[in-house]
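Asker: One structure coming up, written as structure tokens, with questions to follow.
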Amino acid sequence: MNGLNKTIIKYIMLSKGIFYMLKHYSTKQKAMVILNIALYLAFIYFVIVALLKDHSISGYVFVVLGIIALIIGTLNEYLKYLYNEALWYLNFKLDCDKAEELYNKMVKYDIFKIHSENRGLFDVMVALERKQPRKVIEIINQNDKKFTANVEMLLIKLYYEMRAYLSLGQTGKINNCYTDVKNIEKMKKKPKIFQYDELDAIHEVAIGHNGEAYNKFKNVNMRNMNPKEQKFILEQLIITAPNAEKAQYQELLNKLMEIVSESK
């Protein structure tokens with residue numbers, strides 16, 4: 001087994017058993033949560049002190065405003081938690097139903113519509129995982145303004161369009177998307193949301209160059225990818241690899257799905 005395969009196994013093993021509450025948060029996210037809790041506790045303390053010591057009208061106004069701010073802040077943290085959980089279930093547990101349930105719950109309580117602004121992108125990811133390419137294109141078209149708001153969002157749009165058109169066998173559409181991708185790649189400050197080798201590989205598959213596609217997919221660095229992203233790359237490696245090499249990628253995919261299954 002080569003170094004690439006060992007790296008993939010090493011990474012996917014890191015996610016085994018890490019799926020409750022803050023356990024799957026990054027160190028930065030955990031630090032932010034702890035900091036926010038400390039700030040909330042300090043704020044509660046000052047509100048209580050003000051309530052006990054200051055019985056003037058201004059004192060009561062401060063307490064009321066403090067309580068309102070505390071409620072809004074707590075709601076905001078809860079919404080961020082639901083959002084992160086939805087993405088975790090989608091990207092790491094590959095559970096579209098649970099992810100959608102959590103996201104819908106977040107949207108329901110997001111009265112200021114701050115966290116639910118990415119609804120279109122989330123729905124696109126879910127539709128793609130459910131193998132509904134026509135729905136992917138439909139959602140992108142319905143949210144065209146958001147998907148073309150900046151070059152990063154445009155690249156995201158092109159990536160999911162290429163994935164959807166690949167499933168639909170629409171090579172002409174992929175060629176059009178790919179032309180735009182290459183134009184973005186030529187920019188001095190090109191976005192690095194996706195690896196361009198993956199986009200090149202998708203195009204090679206579409207035009208029937210499996211050998212070139214295989215080499216491009218092999219160049220994709222999966223070390224920092226989540227299981228959802230790894231799953232797609234491994235599936236494409238199985239499809240495009242020479243017959244003698246398909247088994248090793250099937251083994252990696254089986255290991256990945258076993259770990260994902262154990263975490264549910």
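The values are calculated or read from the model by the stated rules, or taken from the named source; none is laboratory data. On a predicted model such as this, the values are computed, not experimentally measured, just so you know. No Cβ is skipped: glycine too gets one built from the backbone with ideal geometry, and neighbour counts run over all protein chains shown. Calculation scope for accessible area: heavy atoms of the full protein, side chains included, ligands and nucleic acids excluded. Shrake-Rupley method; radii C 1.70, N 1.55, O 1.52, S 1.80 Å.
Asker: Between Tyr160, Tyr214, Tyr196, which is touching a Ser or Thr at 6+ places or on another chain (Cβ under 6 Å) and under 17 Å from Ile233 (Cα atoms)? So that I can check it myself, show each step before the final result.
Answerer: Working: Tyr160 fails: touching a Ser or Thr at 6+ places or on another chain (Cβ under 6 Å); Tyr196 fails: touching a Ser or Thr at 6+ places or on another chain (Cβ under 6 Å).
Of the residues listed, the single one that is touching a Ser or Thr at 6+ places or on another chain (Cβ under 6 Å) and under 17 Å from Ile233 (Cα atoms) is Tyr214.
Asker: While we're on this one: Condition first: within 13 Å of Tyr178 (Cβ to Cβ), of a type in the set (A, V, I, L, M, F, W, C) and open to solvent by 20 Å² or more (accessible area, probe 1.4 Å). Now tell me which residues in region 207-239 satisfy that.
Answerer: Ile207
Asker: Starting from residues that are loosely packed, with under 11 Cβ neighbours inside 10 Å and under 26 Å from Ile72 (Cβ atoms), keep the ones in region 13-44 and report whichever is modelled with the lowest pLDDT. Give the derivation first.
Answerer: Keep residues of region 13-44 that are loosely packed, with under 11 Cβ neighbours inside 10 Å, which gives 14, 20-21, 23, 26-28, 35, 38, 41-42.
Next, only the ones that are under 26 Å from Ile72 (Cβ atoms) stay: 21, 26, 28, 35, 38, 41-42.
Working: Met21: 47, Ser26: 66, Lys28: 73, Leu35: 79, Ala38: 78, Leu41: 76, Ala42: 80.
Only one residue tops the list, namely Met21.
Asker: Just give me the residues in region 158-200 being open to solvent by less than 20 Å² (accessible area, probe 1.4 Å) and β-branched (Val, Ile, Thr), in sequence order.
Answerer: Those that are open to solvent by less than 20 Å² (accessible area, probe 1.4 Å) and β-branched (Val, Ile, Thr): Ile174, Val181, Ile184.
Asker: Now for a different question. Please specify each residue of region 211-264 satisfying the condition of being of a type in the set (A, V, I, L, M, F, W, C) and part of a loop (DSSP other than H, G, I, E, B). Please lay out each step first, then the result.
Answerer: Kept after step one, since they are of a type in the set (A, V, I, L, M, F, W, C), are these residues of region 211-264: 213, 217, 220, 222, 225, 232-234, 237-239, 241, 244, 247, 252-253, 256-257, 259-260.
Across region 211-264, the qualifying residues are Val220, Met222, Met225, Ala241.
Asker: Pick from region 135-157 the residues that are open to solvent by 60 Å² or more (accessible area, probe 1.4 Å) and touching a residue at least 24 places away in the same chain (Cβ under 8 Å): which of them is nearest to Gln236 (Cα to Cα)?
Answerer: Quick first cut of region 135-157, residues open to solvent by 60 Å² or more (accessible area, probe 1.4 Å) only: 135, 138, 141-142, 144-146, 148-150, 152.
Within this subset, residues satisfying the condition of being touching a residue at least 24 places away in the same chain (Cβ under 8 Å) are 146, 152.
Details: Lys146: 29, Glu152: 24 Å.
Filtering first and then ranking leaves Glu152.
Residues are listed down the side, and each one gets a yes or a no for (1) more than 22 Å from Asn226 (Cα to Cα); (2) of a type in the set (S, T, N, Q); (3) modelled with pLDDT under 95:
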| residue | (1), (2), (3) |
| --- | --- |
| Ile72 | yes, no, yes |
| Cys96 | no, no, no |
| Asn104 | yes, yes, no |
| Asn118 | no, yes, yes |
| Tyr165 | yes, no, no |
| Gly169 | yes, no, no |
| Asn175 | yes, yes, no |
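Asker: So, in region 80-112, of the ones that are more than 14 Å from the chain's Cα centre (by Cα) and aromatic (Phe, Trp, Tyr), which residue ends up surrounded by the fewest Cβ atoms within 10 Å (Cβ to Cβ)?
Answerer: Phe112
Asker: State all residues of region 159-210 that are polar (S, T, N, Q) and either free of Cβ contacts under 8 Å to residues at least 24 places away in the same chain or assigned to a helix (DSSP H, G or I) (or both); if no residue qualifies, say none. Reasoning before the result, please.
Answerer: Looking only at region 159-210, we keep the residues that are polar (S, T, N, Q), and these are 167, 170-171, 175-176, 179, 183, 195, 210.
Matches in region 159-210: Ser167, Gln170, Thr171, Asn175, Asn176, Thr179, Asn183, Asn210.
Asker: Still on this structure, please answer the following. Take the residues in region 113-134 that are closer than 16 Å to Tyr81 by Cα and not in a helix (DSSP H, G or I); name whichever of them is least open to solvent (accessible area, probe 1.4 Å).
Answerer: Checked region 113-134; the qualifying residue least open to solvent (accessible area, probe 1.4 Å) is Ile114.
Asker: Look at Ala99 and say whether it is under 30 Å from Ile174 (Cβ atoms), in contact with a Lys or Arg (Cβ under 6 Å, 6 or more places away or on another chain) and in a helix (DSSP H, G or I).
Answerer: Working: under 30 Å from Ile174 (Cβ atoms): yes; in contact with a Lys or Arg (Cβ under 6 Å, 6 or more places away or on another chain): no; in a helix (DSSP H, G or I): yes.
No, not satisfied.
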